[in-house]
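**Q** Following this message is one structure expressed as structure tokens.
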Amino acid sequence: MTDDLDDLRALMNDATPRPDAQRRTENLMLAAENFDAHQGSRIAPRPTSRNIFSGVKNMLNAMTTKGGLTATTALVAVGFLFVTPQGQDLWQGAPASLTEERVPIVDKAIEEAPGNFAEDLLRTDREVASEVVADEADASLAPELMEAPVVVVDSVAAAPVQPLTQSSDVAGLSVSESVTPQAQTRTRAQGGTTLTFVDPADAIRPTESNTEAFPEAAPNPLKITAETPVSTFSIDVDTASYSVVRSSLMRGQLPPKDAVRVEELINYFPYDYPAPDAGEAPFRPSVSTMTTPWNPDTQLVHIALQGQMPAVETRPPLNLVFLIDTSGSMNDPVKLPLLRQSFMLMLDQLRPEDQVAIVSYAGAAGEVLAPTPASDRTAITNALNALGAGGSTNGVGGLEQAYQVADAMAEDGEVSRVILATDGDFNVGISDPDALKDFIADKRVTGTYLSVLGFGRGNLDDATMQALAQNGNGTAAYIDTLSEAQKVLVDQLTGSLFTIAADVKIQVEWNPAQIAEYRLIGYETRSLRREDFNNDKVDAGELGAGHSVTAIYEVTPTGSPAQLSDPLRYAAEETSSSSDEWGFLKLRYKAPGEDTSQLLTTPITAADAGSEAHFAAAIAGFGQLLRGDTYLGDWSYDDAIALANGARGTDLFGYRTEAVQLMRLANSLSQ
């Protein structure tokens, strides 16, 4: 009987077709494709690794024999590798170096893995197969095989991240799940042999958090002259907003509305305004008027200040402290590496009698370079190149250290300044902008001013940077390219570091007999109370050597059809005036080191504006379009482009040509 059964078994085996490995693989792929299509995910990989891993746990609970484990391993391998229609699509767009590093590891695994598992590996996509190692593989392979997923995670991650791990015992195996913001990995280990799963979709497309913060300020409202005839604000020579806008547009995105400060867009450009003569005040004000481009029934009043440029060779020595953020968030090509290059450009502009010190801060602060003559370029360059990024951001500790160094360097007749270079991510110590503002305000009385340079996007804390610069009697700029570094730290270095007028305030009293309504375009974060104008204890903006400042009002002449407000029924009868003055401009400023302000005044009358005012108006309109302001009617980006092109002028450095290109980009992105 036994012989008969054996004969029957042999006949059945002979009659049964041998398994076709290639056909089996094709069928599995077809089944996976059909499943993907049914789930609606034929194009992109599904984030199903967590569900699949739960299924693996259930199978392991049910299959505890060695044969069962072997079969399960094969199922896991095939199931994971064919989650998507084509394994190679998982790695589309991944750096070539990642796949090149994995292939030798896969070859070694295939050669040394025992039995049918090697055949299974050969039937699958070779790149993805590197993520699966059989339980039976030689234990000595485990360290090398584990390198493949680690390479993927570390190459993509912007900075090392400690994973969160959960572990459990399943069928005698140690099963753990590790999840990081950059990638999700699954590992299974027994006796030194490790099976690791990486979700490639997560690995090659890391999640980037965006913690950018910008000062929130609604556009200045329309004011009725009869009710509020006086407007008061501080000047602003910062340019950070323009560079942030450019950075967003060049990345194919419209900028956040709060990132658009119209006055900083306008003041980004040099203008050919009349400069003061010898013996006059350190700056000259001038006023002109023009018809508003977006409303023919209103007028633009263009207020310009032009600072004098003293001879560079007569300037006092500089004491500069580079305060450099080396926290983990600075580990980005457009942050710390660009920062180094930017400061190296600046070194060529310094003289032998100038001194440079470097303080860095991350979790703690420390002096990287003691005060060193600017002529020792090698020592300064080596200190910059030695900087590395990592850790938290103890910005306040860095500021305290930098001010201590600056105090030790200061001597009579010299200029001391701390230059903070950061992405603005302060997360240790004082992180509240108001507290930082008070801290810097206490320090500026020593005569050491603070300027701020922003680098990088994603966690740019523009609100903190503005608070620091405004209260440190310095300027704020955003460096997004080496060309911008050239503009700020080379072309405009003298103006950025040498103050010719401190606490400069502007106040305009409008004549209700001539002007019914007005609104100040921009300067929302620089507004002052009326009584602040005469209070010398109230801080305001600084004007640097050779700098210009532009402010623009849109005004509605009395009787114009553009007037938006109705006259009050019970308002007192207005006193008639035969004066042709539209208003009266007053300016206050302090000479550097002085405590008492001086006053300049000039009447505002109708006066034809030139091309400089027309270009400034084009930029003012551009900024309002980006913010979505409601006063422009149907005026468009095309109108802004036409106005800017008609008033481009000489444009020696190409800044205005670039602005027109940005307008074109914004126009396309807004469609």
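**Q** Evaluate the distance, in nm, between pseudo-label points positioned 7 Å from the Cα of Leu568 and of Ala10 along their respective Cα→Cβ axes.
**A** With each label placed 7 Å out from Cα toward Cβ, I get 11.6 nm.
**Q** Give me the one-decimal nm value for the distance between modelled label points at Arg664 and Gln341, 7 Å along each residue's Cα-to-Cβ direction.
**A** So the two model labels end up 2.4 nm from each other.
**Q** Please give the contour-minus-distance gain from Gln253 to Glu227: 0.36 nm per residue of separation, less the Cα-Cα distance, rounded to one decimal in nm.
**A** Full extension of this stretch gives 5.3 nm more.
**Q** Carbon and sulfur: what percent of region 289-370's accessible surface (1.4 Å probe)?
**A** Whole-percent figure for carbon plus sulfur exposure: 52.
**Q** Sorting check: for 589-599, 349-359, which peptide has the highest mean count of neighbouring beta carbons within 10 Å, and how do the rest follow?
**A** 349-359, 589-599
**Q** Going through the cross-link list Lys437/Lys487; Lys257/Lys437; Lys335/Lys487, which pairs have a Cα-Cα distance over 22 Å in this structure?
**A** In this structure, Lys437/Lys487; Lys257/Lys437 lie more than 22 Å apart at Cα.
**Q** Working with all protein chains in place, sort Thr650, Thr314, Thr481 by solvent-accessible area computed with a 1.4 Å probe, largest first.
**A** Thr650, Thr314, Thr481
**Q** Also, I was wondering about something else. Probe radius 1.4 Å, ligands and nucleic acids left out: which of Thr448, Thr601 has the largest accessible area, and how do the rest follow?
**A** Descending order: Thr601, Thr448.
**Q** Hey, another quick one. Given labels modelled 7 Å from the Cα in the Cβ direction, how far is it in nm from Ala311 to Asp412?
**A** Label at Ala311, label at Asp412, 2.4 nm between them.
**Q** Once you have the Cα-Cα distance between Asn645 and Gln598, take 0.36 nm times their residue separation minus that, and quote the gain in nm to one decimal.
**A** Full extension from Asn645 to Gln598 adds 13.0 nm.
**Q** Need the C-alpha centroid separation for region 258-316 versus region 317-347, integer Å.
**A** Centre-to-centre distance over Cα atoms comes out at 30 Å.
**Q** Arrange the residues Thr393, Thr499, Thr211 by how much accessible surface each exposes, largest first, with a 1.4 angstrom probe.
**A** Of Thr393, Thr499, Thr211, the descending order of accessible area is Thr211, Thr499, Thr393.
**Q** Another one. Can you give me the long-range amide H partners of Leu528? Hydrogens built in the peptide plane at 1.01 Å from N, cutoff under 5 Å, separation of 5 or more residues or another chain.
**A** Thr232, Phe233, Ser234
**Q** What accessible area per residue comes out for region 261-347, rounded to a whole number of Å², with a 1.4 Å probe?
**A** So region 261-347 comes to 33 Å² accessible per residue, rounded to a whole number.
**Q** Mind ordering 415-421, 226-232 by average Cβ neighbours within 10 Å, highest first?
**A** The densest-packed peptide leads the list: 415-421, 226-232.
**Q** Can I ask one more? Of Pro592, Leu632, Ala620, which is farthest along the charge dipole of region 510-644 in the positive direction, counting Lys and Arg as +1 and Asp and Glu as -1 at C-beta?
**A** Comparing the listed Cα positions along the dipole, Pro592 ranks first.
**Q** Taking H placed 1.01 Å from N in the peptide plane, check which residues at least 5 places from Gly474 or on another chain put their amide H under 5 Å from its amide H.
**A** HN-HN under 5 Å from Gly474: Leu450.
**Q** Could you give the accessible area per residue of region 448-555, probe 1.4 Å, as a whole number in Å²?
**A** 24 Å²
**Q** If I compute solvent accessible area with a 1.4 Å probe over the protein chains, what percent of it on region 443-532 is carbon and sulfur?
**A** Percent of accessible area from carbon and sulfur atoms in region 443-532: 43.
**Q** Can you run phi through the Karplus equation (6.51, -1.76, 1.60; θ = phi - 60°) for region 528-543 and list ³J(HN,Hα) in whole Hz, with x for Gly and Pro?
**A** 10, 6, 4, 6, 5, 4, 8, 9, 6, 8, 8, 6, 8, x, 9, 10
The values are calculated or read from the model by the stated rules, or taken from the named source; none is laboratory data. Fair warning: this is a prediction, and the values are worked out from it, not measured in the lab. Here Cβ is always computed from backbone atoms with ideal geometry, including for glycine, and neighbour counts include all displayed protein chains. For the accessible areas, the whole protein counts, side chains as well, though only heavy atoms, and no ligand, DNA or RNA atoms are used. Shrake-Rupley method; radii C 1.70, N 1.55, O 1.52, S 1.80 Å.
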